[in-house]
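The values are calculated or read from the model by the stated rules, or taken from the named source; none is laboratory data. Please read these numbers as outputs of a predicted model, since none were measured by experiment. Backbone-built Cβ (ideal geometry, glycine too); neighbour counts: all protein chains shown.
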Amino acid sequence: MNKLDARNRVAALAVYPGQPRSVHLTSLALPSLDASDVLIRVRRVGVCGTDREIISAHFGRAPDGTDELVIGHELLGVVDAVGPDVTHFAPGGLVSATVRRPDGCPACFAGQPDFCLWRNYTERGILGAHGFMAERIVEREDHLISIPCELEPVGVLLEPLSVVEKAVRQADLIQRRIAGWRPATALVLGAGPIGLLGTLLLRARDVTVYTLARSRPPTPASRIVEACGAHYVSIQENGIAETAAALPNIDLILEATGHAEPAFQAMEVLGNNGVLVLLSLTGGDARAAVPVDNLIRQQVLGNKVVVGSVNAAPEDFSNGVEHLGEFESRWPGLTETMITTRLNGFDETADIADAATEGIKTVLELP
């Protein structure tokens, strides 16, 4: 069995969960490389709202036996070495990582860890497992997915794209109840990475898409939306209700704003036989007056569906690789423009949470 010296340490970026803004440089001992393991040199890690929440100590859990959590769950890496039983990866190949499969839950045994009945899964860089902001990592072969070399500039976006892939796939599965259902008009609420990737995915299916965000155009996000043939709407100029009133039946809404109020507004404008997929985790305990009788009446009479969606299954990562390639074919270079901030090495990560609030997507680049 191929073994790595357990004393072989690598630099990593970590937090102390529960302690706000505790980002610090640390080092980790790489575990032994077992038969089905892959040694990966980390090339690029995305930073998202989840990372900012962990840095702010809103959630996050360190692995057992330590008080540190290495952050980062959006990976693009290069294979450095493989165990003797590894068959799908070879040194030099590009990889990303899928969701880990926990034990015990029927959904997990069925290959759907994103539907874990007991929500006891570990998530690298989030819950109970170190993340990818390290010079090198070791991961099992069945938790990895190959990235074609031509997708290297955008491969780090696969994990957030997988979230949208699952959302749209779930809408399709739910709407099998209706013969011939196919979304023609969609709203995407939010123009962060999830909202923009949702816009690109729906446009790749030739859906008419209206992407709503706070900022007035022109912005980097509005340029991406318009370049793929979607419509960018600033809610400062035209609200959700006003936008929807001018549209035909809204078949699908992806909510990715990070706020609770737009979700209820989306319920009010969702069309008959439509699906609203909630993708935001909203913090706090906000309360609002809601027209519950009208909402329930509309949902019942219109056969409408509101569904929450979190994480993704391995098939969503596979679909994401295919669709990243399609995005590049349809709109060459457009997807990469989502990456608006690049932090070069650990020397630039002291203010990583602040950097991630600027532009669209922040990534950490490692040599």
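Given the criterion under 15 Å from residue 325 (Cα atoms), touching a helix residue (DSSP H, G or I) at 6+ places or on another chain (Cβ under 6 Å) and either of a type outside the set (Val, Ile, Thr) or in a loop (DSSP other than H, G, I, E, B) (or both), identify the matching residue among 159, 165, 150.
None of the other options fit; the residue is 165.
Please go through segment 91-138 and pick out each residue that is more than 21 Å from the chain's Cα centre (by Cα) and part of a loop (DSSP other than H, G, I, E, B).
Across segment 91-138, the qualifying residues are 91, 92, 93, 103, 104, 105, 110, 118, 135.
Which residue, of 295, 270, 278, is under 18 Å from the mean Cα position of the chain (by Cα) and at pLDDT 90 or above?
Checking each option against the conditions leaves just 278.
Could you tell me whether segment 291-303 includes any residue that is of a type in the set (Val, Ile, Thr) and in contact with a Phe, Trp or Tyr (Cβ under 9 Å, 6 or more places away or on another chain)?
No; the residues of segment 291-303 include none that is of a type in the set (Val, Ile, Thr) and in contact with a Phe, Trp or Tyr (Cβ under 9 Å, 6 or more places away or on another chain).
When you look at residue 119, is it over 23 Å from residue 322 (Cβ atoms) and basic (Lys, Arg), yes or no?
So residue 119 passes the test.
Out of (1) more than 30 Å from residue 13 (Cα to Cα); (2) among the hydrophobic types (A, V, I, L, M, F, W, C); (3) crowded, with 16+ Cβ neighbours inside 10 Å, what's the single condition that is false for residue 346?
Checking residue 346 against (1) more than 30 Å from residue 13 (Cα to Cα); (2) among the hydrophobic types (A, V, I, L, M, F, W, C); (3) crowded, with 16+ Cβ neighbours inside 10 Å, the one that fails is (1).
Which numbered condition in (1) without any contact (Cβ under 8 Å) to a residue 40 or more places away in the chain; (2) within 30 Å of residue 250 (Cα to Cα) is the only one that residue 105 fails?
(2)
Give the residues of segment 61-79 that are without any contact (Cβ under 8 Å) to a residue 40 or more places away in the chain, in a loop (DSSP other than H, G, I, E, B) and not polar (S, T, N, Q), sorted by residue number.
Scanning segment 61-79 gives a single hit, 65.
Against the definition (loosely packed, with under 12 Cβ neighbours inside 10 Å, under 20 Å from residue 201 (Cβ atoms) and at pLDDT 95 or above), how does residue 309 come out, yes or no?
Here the answer is no, as residue 309 does not meet what is asked.
Evaluate segment 307-322: report whether one residue or more is charged (D, E, K, R), closer than 26 Å to residue 126 by Cα and in contact with a Lys or Arg (Cβ under 9 Å, 6 or more places away or on another chain).
Taking every residue of segment 307-322 in turn, at least one turns out to be charged (D, E, K, R), closer than 26 Å to residue 126 by Cα and in contact with a Lys or Arg (Cβ under 9 Å, 6 or more places away or on another chain).
Considering each residue of segment 276-306, count those that are acidic (Asp, Glu) and under 30 Å from residue 122 (Cα atoms), and give that number.
Residues meeting the conditions: 1.
State whether the residues of segment 47-56 include one that is assigned to a strand (DSSP E or B) and crowded, with 22+ Cβ neighbours inside 10 Å.
yes
Can you name the number of the only condition in (1) surrounded by fewer than 16 Cβ atoms within 10 Å (Cβ to Cβ); (2) under 29 Å from residue 193 (Cβ atoms) that residue 97 fails?
(1)
Residue 327 versus (1) touching a Lys or Arg at 6+ places or on another chain (Cβ under 7 Å); (2) under 22 Å from residue 362 (Cβ atoms); (3) of a type outside the set (Val, Ile, Thr): which is the lone unmet condition?
Single failed check for residue 327: (1).
Would you point out which residue out of 204, 129 is among the small types (Gly, Ala, Ser) and in contact with a His (Cβ under 7 Å, 6 or more places away or on another chain)?
Matching residue, one of 204, 129: 204.
Filter segment 185-211 for residues that are free of Cβ contacts under 8 Å to residues at least 40 places away in the same chain and of a type outside the set (Lys, Arg); which is farthest from residue 239 (Cα to Cα)?
It comes out as 206.
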